[in-house]
Amino acid sequence: MDGKLLNLTKSDFDQIISEITEFWGDDRTLAFHHPIFLYQFGNTAYVIKENDRVIAYLFGFISQTAPVAYVHLIGIRNSHKRRGLGRRLYEHFIDYAIKHGCKELKAITTATNHTSIAFHKSIGMILNGAETENGVPVVKDYSGPGQHRVVFSRTLQ
């Protein structure tokens, strides 16, 4: 199995930010990489590293109002995709969430992110939503007016 799974550090966060295109192809998600995931939610922010190089990461948190675990971002370095790293990160986060009383797992994406949709379906998440966009169920205005999102969920045992 590739790399060692660890909690996110400041140097890991800085590496992810400075090499964002290595994970996402461009910098479109840069604004979503807020340092709150290091400083306030560091116990649910994970990296997989080879030597000192981050090859994959997951930023998650546990809801303060419901027994829900939420994955905010998951990124895999382009050179390391399709090696099971995303699944490994999710499994680690789910284990943590269950130990901390979570009963549900959630994540979101856009209706055009077919890779994300396929991945989340492959790990047992369902798509919620009454409306459809590009043939995909979405929750209308989930991220603000006109910002429909695919909302994934999964019951945790």
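The values are calculated or read from the model by the stated rules, or taken from the named source; none is laboratory data. What you see is a predicted model, and the numbers here were worked out from it, not measured in a lab. Virtual Cβ from ideal backbone geometry, glycine too; neighbours counted across all protein chains shown.
On the given criteria, is His80 closer than 25 Å to Asn128 by Cβ and either among the basic types (Lys, Arg) or out of contact with any Asp or Glu (no Cβ under 6 Å at 6 or more places or on another chain) (or both)? Don't jump to the end; show me each part of the working.
On the way: closer than 25 Å to Asn128 by Cβ: no; either among the basic types (Lys, Arg) or out of contact with any Asp or Glu (no Cβ under 6 Å at 6 or more places or on another chain) (or both): yes.
Answer is no for this residue.
How many of the residues in segment 13-36 are surrounded by 11 or more Cβ atoms within 10 Å (Cβ to Cβ), assigned to a loop (DSSP other than H, G, I, E, B) and not charged (D, E, K, R)? Quick ask: steps written out before the conclusion?
Initially, segment 13-36 is screened for residues surrounded by 11 or more Cβ atoms within 10 Å (Cβ to Cβ), giving 13-17, 19-24, 27, 29-30, 32-36.
Now restrict to residues that are assigned to a loop (DSSP other than H, G, I, E, B): 19, 27, 29, 33-35.
Among the residues that remain, those that are also not charged (D, E, K, R) are: 29, 33-35.
Result for segment 13-36: 4.
Just one of the numbered conditions (1) in a helix (DSSP H, G or I); (2) farther than 17 Å from Tyr46 by Cα; (3) not hydrophobic (A, V, I, L, M, F, W, C) is not true of Gln64; which one?
(1)
Mind telling me which of the residues Asn51, Asn43, Asn113 ends up being under 19 Å from Val151 (Cα atoms) and either surrounded by 18 or more Cβ atoms within 10 Å (Cβ to Cβ) or free of Cβ contacts under 8 Å to residues at least 60 places away in the same chain (or both)?
Going through Asn51, Asn43, Asn113 in turn, the sole match is Asn113.
From (1) more than 18 Å from Leu6 (Cα to Cα); (2) in contact (Cβ under 8 Å) with a residue 24 or more places away in the chain, pick out the condition that doesn't hold for Leu58.
Unmet condition: (1).
Could you list, in sequence order, all residues of segment 99-157 that are acidic (Asp, Glu) and at negative phi? Spell out how you get there, then give the answer.
Of the residues in segment 99-157, the ones acidic (Asp, Glu) are 104, 131, 133, 141.
If the condition is that a residue be acidic (Asp, Glu) and at negative phi, then Glu104, Glu131, Glu133 are the ones that fit.
So which of Lys121, Lys106 ends up being outside any loop (DSSP other than H, G, I, E, B), over 23 Å from Ala45 (Cβ atoms) and at pLDDT 95 or above?
Working: Lys106 fails: over 23 Å from Ala45 (Cβ atoms).
Of Lys121, Lys106, the one residue that is outside any loop (DSSP other than H, G, I, E, B), over 23 Å from Ala45 (Cβ atoms) and at pLDDT 95 or above is Lys121.
Hey, can you tell me all the residues within segment 43-82 that are over 20 Å from Thr110 (Cα atoms), small (Gly, Ala, Ser) and either under 14 Å from the mean Cα position of the chain (by Cα) or outside the structural domain of Asp14 (by TED's automatic domain parsing) (or both)?
Ala45, Ala56
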